[in-house]
1. State yes or no: is SER437 surrounded by fewer than 18 Cβ atoms within 10 Å (Cβ to Cβ), more than 20 Å from GLU535 (Cβ to Cβ), touching a residue at least 24 places away in the same chain (Cβ under 8 Å) and of a type in the set (S, T, N, Q)?
2. For segment 300-313, give me each residue that is under 23 Å from SER183 (Cβ atoms), assigned to a helix (DSSP H, G or I) and not aliphatic (A, V, I, L, M).
3. How do the strands (runs of 3 or more DSSP E) wholly within segment 213-299 filter down when requiring 3 or more residues that are touching a residue at least 40 places away in the same chain (Cβ under 8 Å) and of a type outside the set (S, T, N, Q): which remain?
4. So which of SER114, SER92 is in contact with a His (Cβ under 7 Å, 6 or more places away or on another chain), among the small types (Gly, Ala, Ser) and more than 26 Å from ALA259 (Cβ to Cβ)?
5. Which is assigned by TED's automatic domain parsing to the domain that holds ALA79 and crowded, with 22+ Cβ neighbours inside 10 Å, of THR145, THR133?
6. Output yes when any residue across segment 92-101 is over 20 Å from HIS139 (Cβ atoms), in contact (Cβ under 8 Å) with a residue 24 or more places away in the chain and surrounded by 18 or more Cβ atoms within 10 Å (Cβ to Cβ), and no when none is.
Amino acid sequence: MHYKTLASVLLLALSPAFAFCADNPPLLPRITIEGNQLVVAGKPVYMSGANTPWNLWNDFGKSTFNPDWWDNHYSQFNANGLNSSRVWITCSGEVGINIDSNGYVSGATDKHWSDLDQLFQIAQARGVYIMATLLSFDHFDTHYTTWQRWRNWINSDANVDSYIANYLIPFVQRYGNNTALWSIDLINEPDWATTDEGGAIEWSRFQRFFAKASKAIHENSPTLVTVGIAVIKYNSDVGWMKNVVSDSALRAQIDAPEATLDFWSTHWYPWMEPYWSIPMYVTPSGFDLDATKPSVLGECPASGSGDTLAGDFESAYQNGWSGIMPWTSNGVDNNGGWTEVSAASNAFVTNHREAVFPNTDTHPAPHPMPVISRGVPSFSSMGTASQANNSSYGDYLGMWSEQWPKWLAYDLSGVPEEQRSVVLLAWYNDSYPYFESVIRAPGDYTIEGNAAAGGTLPNEGWVVLHTEESNIFHSRQHVVDMTGYNWIRLHVTSSEGTSQNLIFNMDIHDAHLGAEDSWIFFGDSITAGGMGQAERGGQNFAQIVNAANPAYFPSQENAGRGAWTTDNMVSTTEERPVSYINQWLANFPGRYVTLNFGTNDSSGLGLPDQTRVQLFYNNYETMVQAVLAAGKIPVIPTIPWANDSRSTQNIPALNAQLEILKSQYPEIIDGPDFWTFFLEHPELLADALHPSDAGYLEYRRLWAEKMLEVVYSGSAPNPENHAPVLDTIGDQSAQAGQPIQITIQATDEDENPLTYSASGAP
């Protein structure tokens, strides 16, 4: 509460009451510890993860930080059975943290924080838990420019305290409520900094830092704490070895119960095998760790221990380890990369899905992408511009002229800046078919922004944000960075085909949290007829979803093509070396890819024809693999029942193959059961295969209801809520005993309704 003090004659305490939520509900449930296990909501969780230490060394705070790279990489994690990533927050201490020549830490750069803000936002959105490795032995290495500063730092209590007060506590206060931050690894492999080559730093200095740091984290955050120890001899009290990070070792430095690590994170590489066993093939206690705490293999080679990495994953799990994080998911050296990691994690999650994703769906609910262009001021080179952004998709902007260019512009100045910072522009023509021979759709075009003030259409100042040449599709979606711009314009210089006319609708979606609620429906004529934007027989898919859950308004694209089979989607030729599935995926920036084939495949089957059945499976598997490789989520319904003998006899065999496919690829979201529905409702078919208008409405309703259940069932993430701003009241006075009237006004940029209360009034 903020209080406004008036003149001394009268003191009022005034505060607008407003709808406010301090934190967004987490997409990821928090990881905690019960006994010697990591748990989520009371169920054990296995950290099926990987090291993703950096994209470009010292990412966070450097001009080369690339959030798109991190987003693209993490978008593939859940789909491939990975739930976690170990990231080096600072690699050598040369970037991000402000440390002077004496070793005093005064904080971090704004760029460091803003880059990390994006990292943790991406991790939460993609459902990836982060182990944040704050420092490394590299900080003390003479190969790097600031090595002496960091040696001065670790050897001084005052300097260590400055790091904790000015960097560590702000770090955990900033990210500790983001459940994607599941743990903090204080220093990567401090072992090497205790050698003569590494700086000969006394273990007691590191122990003092670990004690103070773990205490500070535990007092300020629920985040778990560990230290990535390189060699087991420093992580065990068995025999002649010494666990330098045990509870007793840390509490000997400072007498505080909070001075403790929550779990072990030991590292292993094949050079250690002659001295110690291979940890994946023994229990943690068999590897000489204290079994009262969870144990994670924080590093091991992605190329495998000598056995396959898949074998390492499985054996570590069976032997009671709490996780394994190979080095690395992105192939930073010769220890292996994505090919090895994804193969192992996919094999593991197939058999142990509940261990990797307990009590959770593999796919967190998407961030909403509301339409922000509905009814905003619109302008066009000809025609009625408002027909392109009104509430009806059966209405459209028509540009009937041979004159070029043609353009449509929206004034978004009235939309909050954050909501129009990154947008998804979707235009829809809905002509038939999806590609080639499309009529009256944009061919060559640019997407442009303009920073001019709203209200009056600017004639100058348009900046090209995206260029598209020789488009052959009847609809497209584009993610565009509009930061700094108030206007957006689709500027068309040619049309697809021979027509000189254009017809289309155009939506602008808020995509500043990612283009997650974006769909494309691949399929045959049934898809083509049912999943367009124009309301055929009733609301389209997006409208039905929105009516049921107003937080969401999906962007949808209809990629159905008549008479197509799975063969058409995956085949290549010398003239066309890229398959249609891969070509079309490359054009699609969204998240959900539905695969709706089989009706035409069934008509080509003999009775029986197991070769064709197997080919159908192989083709579908190829499509699923392509979708997953693109970092997107496949969604597959059953093939609809059809009222002809060949389909009736053959479709069940193909639907059975789809069930096998889904069991092999648990990343697939199960779509509607169209076989059962149309078997029970044959009256909704217009002919032997295709639904009537009423049938297509039910078709879309089934799609929407199923996705509301399995995709949109979680709570929508709440957008940031800003505090209301109370207008200045000013000093007022009155004679004793006389009433005084004070007008209270406030504004709220989120446009939430405000109520007011006063306390302390005389």
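1. Values: surrounded by fewer than 18 Cβ atoms within 10 Å (Cβ to Cβ): yes; more than 20 Å from GLU535 (Cβ to Cβ): yes; touching a residue at least 24 places away in the same chain (Cβ under 8 Å): yes; of a type in the set (S, T, N, Q): yes.
Answer is yes for this residue.
2. In the first step, residues of segment 300-313 are kept if they are under 23 Å from SER183 (Cβ atoms); the result is 300-302, 309, 312-313.
Subset that is assigned to a helix (DSSP H, G or I): 309, 312-313.
Hits for segment 300-313 are ASP312, PHE313.
3. Details: elements: 224-229, 264-267, 295-299.
It comes to 224-229, 295-299.
4. Working: SER114 fails: in contact with a His (Cβ under 7 Å, 6 or more places away or on another chain).
Selected residue: SER92, the only one of SER114, SER92 that is in contact with a His (Cβ under 7 Å, 6 or more places away or on another chain), among the small types (Gly, Ala, Ser) and more than 26 Å from ALA259 (Cβ to Cβ).
5. Details: THR145 fails: crowded, with 22+ Cβ neighbours inside 10 Å.
Criteria check complete, one pass: THR133.
6. Just the residues of segment 92-101 that are over 20 Å from HIS139 (Cβ atoms), to begin with: none.
Among the residues of segment 92-101, not one is over 20 Å from HIS139 (Cβ atoms), in contact (Cβ under 8 Å) with a residue 24 or more places away in the chain and surrounded by 18 or more Cβ atoms within 10 Å (Cβ to Cβ), which makes the answer no.
Condition check ((1) under 22 Å from PRO284 (Cβ atoms); (2) of a type outside the set (Lys, Arg); (3) in contact with a His (Cβ under 6 Å, 6 or more places away or on another chain); (4) surrounded by fewer than 24 Cβ atoms within 10 Å (Cβ to Cβ)) across all residues:
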residue: ASN188; (1), (2), (3), (4): yes, yes, no, no
residue: GLU202; (1), (2), (3), (4): no, yes, no, yes
residue: SER214; (1), (2), (3), (4): yes, yes, no, no
residue: ASN220; (1), (2), (3), (4): no, yes, no, yes
residue: ILE232; (1), (2), (3), (4): yes, yes, no, yes
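Quick grid of which residues meet (1) over 21 Å from the mean Cα position of the chain (by Cα); (2) closer than 26 Å to ASP161 by Cβ; (3) acidic (Asp, Glu):
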position	(1), (2), (3)
TRP88	no, yes, no
GLY93	yes, yes, no
ILE97	yes, yes, no
SER101	yes, yes, no
TYR104	yes, yes, no
ALA108	yes, yes, no
ASP115	no, yes, yes
LEU119	no, no, no
ALA123	no, no, no
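The values are calculated or read from the model by the stated rules, or taken from the named source; none is laboratory data. These numbers were taken from a predicted model, which means no experiment stands behind them. No Cβ is skipped: glycine too gets one built from the backbone with ideal geometry, and neighbour counts run over all protein chains shown.
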